[in-house]
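Student: Below is a structure I'd like to ask you about.
The values are calculated or read from the model by the stated rules, or taken from the named source; none is laboratory data. Worth saying up front: this structure is predicted, and the values here are computed from it rather than measured. Note: ideal-geometry Cβ built from the backbone for every residue, glycine included; neighbour counts use all protein chains shown.
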């Protein structure tokens, strides 16, 4: 059987990059959508295009069977046009959504949940074969601590006791590869999680173990964290969605399941493993 040709958006990001690497390692023809210069292994085709400009995608989609879609914006504006262009070329789309979609904690007005919900709706209505992956928190988001860990061996953040089943980007990619290359997840919305709840305080300690020197978690007030994030340039709607939602997880933590193992045959990687894999980023 001929291998499908797959276009990966978000290919220079953590998850998209892992999807590219795993498809390439499996011998699946893969294209990486990029807006500028980027380095990929020999055999991976980098193609120019921008999800903010649907007209730029036709050439990248020529001859493509399936698309891994990572939406890089905080609203669904323009997504309908992008999905229409995908539908002219491909037969399948795998969308990287969020565990917040469809969950009990979903609330109208939360920016991230809103755009993921709308993207899922558009994908499902497109006439394409589809899968919507719903991961819990990304382990790679802790890379936001890297600069202060390198400088001071400290993480200053709110919610020291917030425990989440953070998921390794390699596990998200492995599930995505199954969805892109087999029919096992057609029409599915799998909730995929890390293997256990780990507090932020413990995450910092595990990063310390990985780099061979202690990392201390210094808790700051939620209000201070909000102002710091806004001052650092994060959009207000993102800050106002993320931090209150995380605070609610203190009482109502995200679920933990074994979907990664069920789908891929391999247990989900621990945060300890993730920290070891990324130790160089924190040294």
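Student: List the residue pairs whose Cβ atoms are under 7 Å apart, where the first residue sits in region 225-236 and is within 14 Å of residue 158 (Cβ to Cβ), the second is at pLDDT 85 or above and in a loop (DSSP other than H, G, I, E, B), and the two are 6 or more positions apart or on different chains.
Tutor: Short answer, once both residue conditions are applied: 225/158.
Student: Out of everything in region 229-260 that is surrounded by 14 or more Cβ atoms within 10 Å (Cβ to Cβ), under 19 Å from residue 194 (Cα atoms) and more than 18 Å from the chain's Cα centre (by Cα), what residue ends up being modelled with the lowest pLDDT?
Tutor: 249
Student: Residues of region 220-259 being in contact with a strand residue (DSSP E or B) (Cβ under 7 Å, 6 or more places away or on another chain), outside any helix (DSSP H, G or I) and within 18 Å of residue 141 (Cβ to Cβ), which ones?
Tutor: Across region 220-259, the qualifying residues are 220, 249, 253, 254.
This table checks each residue for (1) under 19 Å from the mean Cα position of the chain (by Cα); (2) surrounded by fewer than 16 Cβ atoms within 10 Å (Cβ to Cβ); (3) farther than 17 Å from residue 143 by Cα.
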| residue | (1), (2), (3) |
| --- | --- |
| 186 | no, yes, yes |
| 196 | yes, yes, yes |
| 204 | no, no, no |
| 209 | no, yes, no |
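Student: Applying the selection to region 87-123, what residues are surrounded by fewer than 16 Cβ atoms within 10 Å (Cβ to Cβ), closer than 23 Å to residue 259 by Cβ and at pLDDT 95 or above?
Tutor: 121
Student: For residue 17, which of the numbered conditions (1) closer than 28 Å to residue 235 by Cα; (2) buried (at least 21 other Cβ atoms within 10 Å of the Cβ) fails to hold?
Tutor: Residue 17 satisfies all of (1) closer than 28 Å to residue 235 by Cα; (2) buried (at least 21 other Cβ atoms within 10 Å of the Cβ) except (2).
Student: Working carefully through the options 177, 226, 220, find the one that is under 28 Å from residue 95 (Cα atoms), in contact with a helix residue (DSSP H, G or I) (Cβ under 9 Å, 6 or more places away or on another chain) and surrounded by 13 or more Cβ atoms within 10 Å (Cβ to Cβ).
Tutor: 177
Student: Output the residue which, of all residues in region 52-86 that are touching a residue at least 60 places away in the same chain (Cβ under 8 Å), under 28 Å from residue 234 (Cβ atoms) and out of contact with any helix residue (DSSP H, G or I) (no Cβ under 7 Å at 6 or more places or on another chain), is surrounded by the fewest Cβ atoms within 10 Å (Cβ to Cβ).
Tutor: So, considering only residues that are touching a residue at least 60 places away in the same chain (Cβ under 8 Å), under 28 Å from residue 234 (Cβ atoms) and out of contact with any helix residue (DSSP H, G or I) (no Cβ under 7 Å at 6 or more places or on another chain), the one surrounded by the fewest Cβ atoms within 10 Å (Cβ to Cβ) is 72.
Student: When you scan region 87-96, do you find a residue that is assigned to a helix (DSSP H, G or I) and either out of contact with any helix residue (DSSP H, G or I) (no Cβ under 9 Å at 6 or more places or on another chain) or more than 21 Å from residue 186 (Cα to Cα) (or both), even just one?
Tutor: Yes: one or more hits.
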